Amino acid sequence: MADTRNVTEFIFLGLSPNRDVQKVCFVIFLPLYTAVVLGNLLIVLTVMTSRSLGSPMYFFLSHLSFVEICYCSTTAPKLISDLLAERKAISFWGCMTQLSFMHFFAGTEIFLLTVMAYDRYAAICKPLHYTTIMNRQVCAILAGVAWAGGVVHSLAQILLIFRLPFCGPNVIDHYFCDVLPLLKLACSDTFLIGLLIVANGGTLSVISFVVLVASYMVILLHVKKQSSEGRCKALSTCGSHITVVTLFFGPCIFIYLRTSTTLPVDKMVAVFYTVITPLLNPVIYSFRNAEVKKAMRRLWIRTMKLCEK
């Protein structure tokens, strides 16, 4: 087996070889990334400082927003800086680090979305027992399980890739290090490892997506028995969750259920789930929520008063 140290760095081809297109992308992605960070950070601060947002739903939402900041930050800053760089390179260890953190936060998000679906099920289908089912200790445990699940998912991915020999070429037709582009560069048969990656990433996404959709279907069937006001509130909340789930899992399933082929459209699909979805989450989950908007206004007023002093 070839020595994996023969390749000490990887070269990205990026989104486009056209310099004018790269400049346009820079102008687009820099504000987008800034909006992702500021929007999700605002949600985290609002939930942390507002007493009215003390329910489990907002507790998990703050975790999700923090994950979105970290998840987007594993790829977006490198993408943005490379758009103005002549040579788009990353070291071998930098590539492995980017890969591990990306799948750590992606895995954590998958489990957090599952936990949030369970929280909505308990709130809507078991309202009388909700405070008992989702007490603070249970919420903390579920959040810890989500983060631990992200660690396990990331370790499985990085261990499968790290053991592969890379002896050249070292050019990645992508804008970040991911498992499928790296499989194409390995100097050995990757069929079995590709299947394991599908089992870890693709199958996890499919199973989680099916479970989430099924759980929301159960919730929607249950709300038929409620009053029109309760039904509208439940439909609004579940509709937001289903939208986020579809936007996140759809591209992931499209990418990670394939091992032997990569498509030109993969880059744009990756942009969607690494940049666009983290930007849409604050809008879908929070900025359409009356309670969150009121809490944000109170936070803004308090901040202005502190600035005046």
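Taking the Kirkwood radius as the inverse of the mean 1/r across Cα pairs, report the Rg/Rh of segment 85-137.
Checking Rg against Rh, the ratio lands at 1.38.
Just to confirm my numbers, what's the Cα centroid distance between segment 58-133 and segment 170-215 in Å?
17
Tell me, which cysteines of the chain are without a disulfide-compatible partner by the Cβ under 4.7 Å rule?
25, 70, 72, 125, 139, 232, 238, 252, 307
Treating the angle as unsigned and between 0 and 90°, give the value, to the nearest 10°, between the Cα long axis of helix 92-125 and the longest Cα principal axis of the chain.
Its long axis makes an angle of about 20 degrees.
Helix 136-162 versus the longest principal axis of the chain: what is the Cα-based angle in degrees, 0 to 90, to the nearest 10?
10
How long, wide and thick is the chain, going by the Cα atoms along their three principal axes, in whole angstroms, largest first?
Per principal axis, max minus min of the Cα coordinates gives 64, 50, 31 Å.
Compute the Cα gyration tensor for segment 1-158, then decide on rounded, prolate or oblate, letting a ≥ b ≥ c be the square roots of its eigenvalues: rounded whenever a/c is under 1.5, prolate when a/b is larger than b/c in the other cases, and oblate in all that remain.
oblate
Determine the share of the chain's accessible area contributed by carbon and sulfur atoms, expressed in whole percent, with a 1.4 angstrom probe.
Of the solvent-accessible surface of the chain, carbon and sulfur hold 69 percent.
Taking H placed 1.01 Å from N in the peptide plane, check which residues at least 5 places from residue 12 or on another chain put their amide H under 5 Å from its amide H.
Residues meeting the criterion, in which the H sits 1.01 Å from N, are 88, 89, 90, 172.
Give me a comma-separated list of calculated 3J(HN,Hα) values for segment 178-183, in order, Karplus coefficients 6.51, -1.76, 1.60 applied at θ = phi - 60°, integers in Hz, x for any Gly or Pro.
Per-residue couplings from phi come out as 9, 5, 5, x, 6, 4 Hz.
Determine how large the accessible area of residue 255 is when every protein chain is in place; take a 1.4 Å probe and give Å² rounded to the nearest 10.
10
Between the DSSP loop rule and a limit of at most 11 other Cβ atoms within 10 Å, which chymotrypsin sites (Phe, Trp or Tyr not before Pro) in segment 46-100 are left?
Of the chymotrypsin sites (Phe, Trp or Tyr not before Pro), not one in the loops of segment 46-100 has a Cβ with at most 11 other Cβ atoms within 10 Å.
Between the helical axis of 290-308 and the dominant principal axis of the chain, each derived from Cα atoms, what acute angle in degrees is found, rounded to the nearest 10?
80
Ordering 82, 189 by accessible area with a probe of 1.4 Å, largest first, what comes out? Provide the component values of the computation, followed by the final result.
Details: 82 15, 189 130 Å².
Sorted by accessible area, descending: 189, 82.
Hey, if we sort 87, 51, 19 by accessible area with the 1.4 Å probe, largest down, what's the order?
Greatest to least solvent exposure: 51, 87, 19.
For the chain, what number of Lys pairs, 8 or more residues apart or on separate chains, have alpha-carbon atoms under 19 Å from each other?
Eligible lysine pairs with Cα atoms under 19 Å apart amount to 17.
Subtracting the Cα-Cα distance from 0.36 nm times the residue separation, let me have the gained length for residue 41 to residue 210 in nm, one decimal.
Gain on extension, residue 41 to residue 210, equals 57.9 nm.
For segment 190-205, in order, what is each residue's ³J(HN,Hα) by Karplus, 6.51 cos²θ - 1.76 cosθ + 1.60 with θ = phi - 60°, in whole Hz (x at glycine and Pro)?
10, 4, 5, 5, x, 5, 5, 5, 4, 4, 7, x, x, 5, 4, 5
The values are calculated or read from the model by the stated rules, or taken from the named source; none is laboratory data. Only a predicted model underlies this, so the values are computations on that prediction, with no experimental measurement involved. Because the Cβ atoms are built from the backbone with ideal geometry, glycine has one as well, and the counts that use them run over all protein chains shown. When the accessible area is computed, the model is the full protein with side chains, heavy atoms only, and any ligands, DNA or RNA have been set aside. Shrake-Rupley method; radii C 1.70, N 1.55, O 1.52, S 1.80 Å.
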